[in-house]
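Inspection log for the structure reproduced underneath, given as structure tokens.
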Amino acid sequence: MGTNVLDKVRKLKASRPQSGNNSRLRGYFHNWNDGDNILRLVGEFVEVRTHFIAPAPKRNDRGLCMPTAFQGDDKLPMKINCLDWDIGLEEFRKVKVCPVCKMWQIAKAVLKDNPTPEEKAFFDKLRMDCSPKSELKWNILDRDDPYIIFVDESGTEKRVIGYKIASVGMEAWGDIEGIFDQCGFDITDIDKGVDIKVHRGSNGTRTTYTAQAVVEGTSLRVTPLTEEERALELHDLKSRCGKQVEADKIISALHDDLRSVLEANETSEAVEEAPEAEAEVEAPAPAPVAKPVPVAAPAPRPAAPVAKAPVAAPAPRPAAPVAAPRPAAPVAKAPAAPVRAPVRPAAVPAKPAAAAPVAQRAPAPRVPARPAAKPVPAPAAAEVDAAIEEGGDGLMDDGAKKA
């Protein structure tokens, strides 16, 4: 009995250099180099949704969160996984909790509701900043640098051949998908798969990615895996890349004006309750979007109350944000429109000059002032570029990034 246990212990110890144990491996996230990157895709990919939330000094962009959130031991990653995305099922959750996606839906709603020029500029940018970005996580063999770092029990580091995890954006994926179509077979197959070349360049305003199959002469270079490569263990992509940040921590790190937009709409949701409306929301739609079913009221703003008389006696327009949500007529009339254009942070409440508490609170998020991005030092430009372009490192602890 004792001998069997010792044998198992020795066997486990001997296998560790090729194991997927996060505490023993370093440098397994692939970084795209400028120019050509030759690699071999292996196995299945995992689809994720992410948000970039940090300041980007090179683009003079303050980001969604304050610079201080990316400093210290408890700092936020610059790129986070969307909390509404279930990486296990690779689909959006039914219950929406992601604060960034909530702001995305709020921005889209305001833009559909005849915003002022100032509001349009603010919420246009918020919509683009908050939209969830698609990425594919894939095990690869890096032909240019096939090594990762193995750390033994004594802390000694050793370079070993191993799989890396690459983050493939939708631009590169468009070309890779074309390679699958042109080849007509699984290019990741261990026996008849092929190497691909991903080129990282620039069009003068942003980083670009293109991909093509590697050829020898006039034929594809078929690269069956060696015995050593076949013996390597693939990374568990869902485990490695599925780390999430708590919603409260994200909200606390937001710029004050963005947090006000979020809180104003959450308050509105508590008053107006519309639990069934979310069924009509787009896949990434968060919970707050469902609440303002009755906010279809923006249409009557320029029109006389006569047109809406049968609906909910809109004569006392200033009280509409609180009292109007209950009428059933808007829900039965056009459920889709109210749901997709839900909360308007201040567009509706801002018009009435009443001194009601609701009308006074909403204007702040509706026409938020955009503070300068200078008070606190932002993350280093190189670090921001890596998180924006590479994808993987921004989602993991520092120790798991690279040697």
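Every read-out reported here was derived from the displayed coordinates using simple, explicitly stated rules and does not represent laboratory data. Here the structure is a predicted model, which is why all the values come from computation and not from measurement. With ideal geometry, Cβ positions are generated from the backbone for all residues, glycine too; neighbour counts draw on all protein chains shown.
Things to note:
- Highest-first arrangement of 172-179, 24-31, where packing means the average Cβ count within 10 Å: 24-31, 172-179
- Of K158/K197; K96/K238; K79/K192; K75/K243; K58/K96, those spanning more than 26 Å from alpha-carbon to alpha-carbon: K158/K197; K79/K192; K58/K96
- Fewest-first ranking of E118, E246, using other Cβ atoms within 10 Å as the exposure measure: E246, E118
- Projecting label points 7 angstrom from Cα along Cα→Cβ for V245 and T218 puts them 5.4 nm apart.
- Listed values for the stretch 189-203 are Karplus-derived 3J(HN,Hα) couplings in whole Hz (6.51 cos²θ - 1.76 cosθ + 1.60, θ = phi - 60°), namely 4, 5, 9, 10, x, 10, 7, 10, 10, 9, 9, 9, x, 8, 9, and x replaces Gly and Pro.
- Residue-by-residue Karplus 3J(HN,Hα) for the stretch 29-39, coefficients 6.51, -1.76, 1.60, Hz, glycine and proline x: 8, 6, 10, 6, 8, 4, x, 7, 10, 9, 8
- Phi to ³J(HN,Hα) by Karplus 6.51 cos²θ - 1.76 cosθ + 1.60 over the stretch 250-257, Hz, x for Gly, Pro: 5, 4, 5, 8, 5, 4, 4, 5
- The stretch 37-185, relative contact order in percent, only Cα pairs under 8 angstrom and at least six apart counted: 27
- Footprinting exposure proxy ranking of S260, S134, S202, fewest other C-beta atoms within 10 angstrom first, gives S202, S134, S260.
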